[in-house]
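Reading through the structure tokens given below for one structure.
The values are calculated or read from the model by the stated rules, or taken from the named source; none is laboratory data. Everything quoted here is computed from the prediction, not taken from an experiment. With ideal geometry, Cβ positions are generated from the backbone for all residues, glycine too; neighbour counts draw on all protein chains shown. For the accessible areas, the whole protein counts, side chains as well, though only heavy atoms, and no ligand, DNA or RNA atoms are used. Shrake-Rupley method; radii C 1.70, N 1.55, O 1.52, S 1.80 Å.
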Amino acid sequence: MAYNTLEVTKDITKDGGVCTIKLNRPNALNALCAELTTELADALGKLEADDKIGCVILTGSDKAFAAGADITELKDGTFLGMYDHDVFGLYWEAVARFRKPIIAAVAGYALGGGCEIAMMCDFIIAADNAKFGQPEINLGVMPGAGGTQRLTKAVGKSKAMDMCLTGRMMKADEAHACGLVSRVVPLDELMETTMEAAKKIAGQSGPIAMMTKEAVNTSFETTLSQGIHFERRLFQAMFSTEDQKEGMAAFAEKRKPHFKNK
Ligand code: DAK
């Protein structure tokens, strides 16, 4: 399927495949209209089923990852309209539901829903011009796609309250210092750095990477002892895979492992 609001490119080598999804509505700073979110969910669904893809990069332009939900679509919204057709909740959550590793490469604005979608990814690599914010309060609403929850878990109560209540933007350095992003790089190195990380991930065993992601995400949903129990069970289960045998044999034989996703 050809997309109107996304550019999808695949980079597949024998070591694993990476797909880059570029949000592409430059005239609206990649505002997340219904068409874009529907297309994004469709693309992710196809990538989930694509055995050649081991990692996905979600990115935007140099000026904007995404400036939030499309305000022109929201302004005449009603409660029942949003409740009956939960397009935003349904399709945006496709990013959070995606089971393979997904990295957000953020340059420029990541505001409102844009910040929320970046936070649904497994980690964020930011360009030095990135600006994060939950400015919904300036529009008379509040974050509606996880911002009050994911931002709080990422940066703590005080800064999340500051961001959500003042609606101010946070620059890349501040986002790095408070743990919202994993790395900050110069803008012209953003895609190269992210691709390097994505290729490293795509070269690992796919099922092991997915289980690792599941274990980390479980830490947000459960108590410490339940999370550790879950981690231990997954760790033990990994010993039923061929990739565990291959990974450890390769280490002993001082060679590179060749994972088969089995
Ligand atoms: N929606 C629609 N158009 C947008 C937009 C947006 N969010 N952001 C920017 N644009 C458009 C501008 O209208 C402008 O279009 P033209 O006038 O050229 O036609 C074009 O993009 C360029 O923007 P600016 O001229 O404003 O560019 P500047 O560099 O001067 O300013 C800016 C950049 C990012 C500071 C500014 O554009 C801005 O403040 N944008 C709005 C940011 C914002 O408030 N974002 C939060 C949106 S609310 C839900 C769950 C979640 C949500 C909704 C529902 N449910 C579960 C139902 C999420 C809500 C949000 O994200």
- Message: Pairs needed: first member in region 16-30, within 16 Å of the ligand (Cβ to nearest atom); second member anywhere, open to solvent by less than 30 Å² (accessible area, probe 1.4 Å) and not polar (S, T, N, Q); C-beta distance under 6 Å; at least 6 residues apart or different chains.
- Response: LEU23/GLY60; LEU23/ALA66; ASN24/LEU6; LEU29/ALA64; ASN30/LEU23; ASN30/GLY60; ASN30/ALA64; ASN30/ALA66
- Residue that is farthest from ASP15 (Cα to Cα) [pool: residues in region 242-256 that are touching a residue at least 12 places away in the same chain (Cβ under 8 Å) and open to solvent by less than 80 Å² (accessible area, probe 1.4 Å)]: GLN244
- Message: Just to be sure before I move on: is MET119 within 16 Å of the ligand (Cβ to nearest atom) and either without any contact (Cβ under 8 Å) to a residue 60 or more places away in the chain or more than 24 Å from ILE53 (Cβ to Cβ) (or both) in the structure I sent?
- Response: no
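From the set of residues in region 84-99 that are aromatic (Phe, Trp, Tyr) and more than 9 Å from the ligand (Cβ to nearest atom), which is nearest to CYS55 (Cα to Cα)?
Narrowing region 84-99 to residues aromatic (Phe, Trp, Tyr): 88, 91-92, 98.
Keeping just the survivors that are more than 9 Å from the ligand (Cβ to nearest atom) gives 91, 98.
Numbers: TYR91: 20, PHE98: 11 Å.
In this case the residue turns out to be PHE98.
Looking at LEU80, LEU139, LEU111, can you tell me which residue is open to solvent by 60 Å² or more (accessible area, probe 1.4 Å) and either within 9 Å of the ligand (Cβ to nearest atom) or in contact with a Lys or Arg (Cβ under 7 Å, 6 or more places away or on another chain) (or both)? Can you show your working first?
Working: LEU80 fails: either within 9 Å of the ligand (Cβ to nearest atom) or in contact with a Lys or Arg (Cβ under 7 Å, 6 or more places away or on another chain) (or both); LEU111 fails: open to solvent by 60 Å² or more (accessible area, probe 1.4 Å).
Among LEU80, LEU139, LEU111, only LEU139 is open to solvent by 60 Å² or more (accessible area, probe 1.4 Å) and either within 9 Å of the ligand (Cβ to nearest atom) or in contact with a Lys or Arg (Cβ under 7 Å, 6 or more places away or on another chain) (or both).
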- Of all residues in region 188-213 being open to solvent by 50 Å² or more (accessible area, probe 1.4 Å) and in a helix (DSSP H, G or I), the one that is farthest from PHE65 (Cα to Cα): THR212
- Message: Of everything in region 164-180, what is under 9 Å from PHE132 (Cα atoms) and part of a helix (DSSP H, G or I)? Give them in sequence order.
- Response: ALA172, ALA175
